[in-house]
Amino acid sequence: MATSMLGSVRGQRPLGLVGLFRRRPPRDVWERVRRLPGPSAVRRSVAATSGPGIPGSDHYCLELLRKRDYESYLCSLLFPAGCRNSVSALRAFNVELAQVKDSVSEKTIGLMRMQFWKKAVEDMYCDNPPHQPVAIELWKAVKRHNLTKRWLLRIIDEREKNLDDKAYHSIQELENYAENTQSSLLYLTLEVLGVKDLHADHAASHIGKAQGIVTCLRATPYHGSRRKVFLPMDVCVQHGVSQEDFLRRNQDKNVRDVIYDLASQAHLHLKHARSFHRSVPAKALPAFLQTVALEDYLKKIQRVDFDIFHPSLQQKNTLLPLSLYIQSWRKRY
């Protein structure tokens, strides 16, 4: 599957931020990063920008991101000011859907929540959004940028299918799930930025798939603590690894090889996405800043020899804001 990448992942070639410091950033880069708006600054600006709907609904979205999806929160702060609220709304919408699976005890309740969001999206396009902060902000984004409804509904439909606690049968199934959720979210983000470009769409597709694989890897320890394993079964079978091996936190070579193959596939998608770099409009680059966090995780998992349960993988990278700012300044992804 990812055999062609195995040597490059485990060998000397780094998976990290390639050439990050090839160009010297401005001397005042630390000061600029420190000036990125934090929660208090965001809170002060909300009153002037909330607009119609629920007062402070934009702040609600930012706070939801800060608590539940910190990397997306940081990325959203680096978008152009006119797009920031819309991007935050999209990401908050994704968080709302993502946390349904882990927050309900019965599938029926999860299906009811998904139905709420399906109806909410339909109502948004009739200018009648529900009185819910994320829905209000998403409606504003739909109105402001004429967002494509089918991408929003596709994300909900795929999340709904994923309510079953079953492992992915194959890595292809995991990639399809990522395409319909993470990549669809990126297509919407490109629409917010006013980008209609085939090369940007291709890059978004690959980045979304890489995001889906990395998310699956990162969540493995958490899922294991709940006696669940969602890693693709075909890769596990290929290396003679059972779900019980992950539940017992087995660190044998075969277990690491499963993680190694999946990390290689994620890296391959990032490589494909970057092959379009010269053709992707500069206007689209903020949408792809999440590649910084993806590279960071792949680099960290390589350093611990693909031990998915290593404690360092659960720690925040305190330099991530700086890395994001530098990539934003360099106009790279």
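The table that follows gives values for the structure above.
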quantity: Any hit, region 292-309, residues being loosely packed, with under 14 Cβ neighbours inside 10 Å and in a helix (DSSP H, G or I); calculated: no
quantity: Residue under evaluation F116, criteria (1) at pLDDT 95 or above; (2) open to solvent by less than 70 Å² (accessible area, probe 1.4 Å); (3) of a type in the set (A, V, I, L, M, F, W, C); (4) out of contact with any His (no Cβ under 9 Å at 6 or more places or on another chain), criterion not met; calculated: (2)
quantity: Residues of region 183-223 satisfying the condition of being in contact (Cβ under 8 Å) with a residue 60 or more places away in the chain, surrounded by fewer than 18 Cβ atoms within 10 Å (Cβ to Cβ) and either in a helix (DSSP H, G or I) or of a type in the set (A, V, I, L, M) (or both); calculated: H199, H202, R218, P221
quantity: Hey, I259 under 15 Å from Q290 (Cα atoms), touching a helix residue (DSSP H, G or I) at 6+ places or on another chain (Cβ under 8 Å) and open to solvent by less than 50 Å² (accessible area, probe 1.4 Å) or not; calculated: no
quantity: Residue match in region 241-252 (condition: charged (D, E, K, R), at pLDDT below 95 and surrounded by 15 or more Cβ atoms within 10 Å (Cβ to Cβ)); calculated: no
quantity: Any hit, region 268-275, residues being hydroxyl-bearing (S, T, Y) and either crowded, with 20+ Cβ neighbours inside 10 Å or at pLDDT below 95 (or both); calculated: no
quantity: Selection from region 134-169 of residues that are over 25 Å from T108 (Cβ atoms) and open to solvent by 30 Å² or more (accessible area, probe 1.4 Å); calculated: W139, K143, R144, H145, N146, T148, K149, R150, W151
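The values are calculated or read from the model by the stated rules, or taken from the named source; none is laboratory data. This structure is a prediction, so every number in the text was calculated from the model and none was measured. Cβ sites come from the backbone with ideal geometry, for glycine too, and all protein chains shown count toward neighbours. Accessible surface is based on the protein model in full, side chains and every heavy atom, while ligands, DNA and RNA are left aside. Shrake-Rupley method; radii C 1.70, N 1.55, O 1.52, S 1.80 Å.
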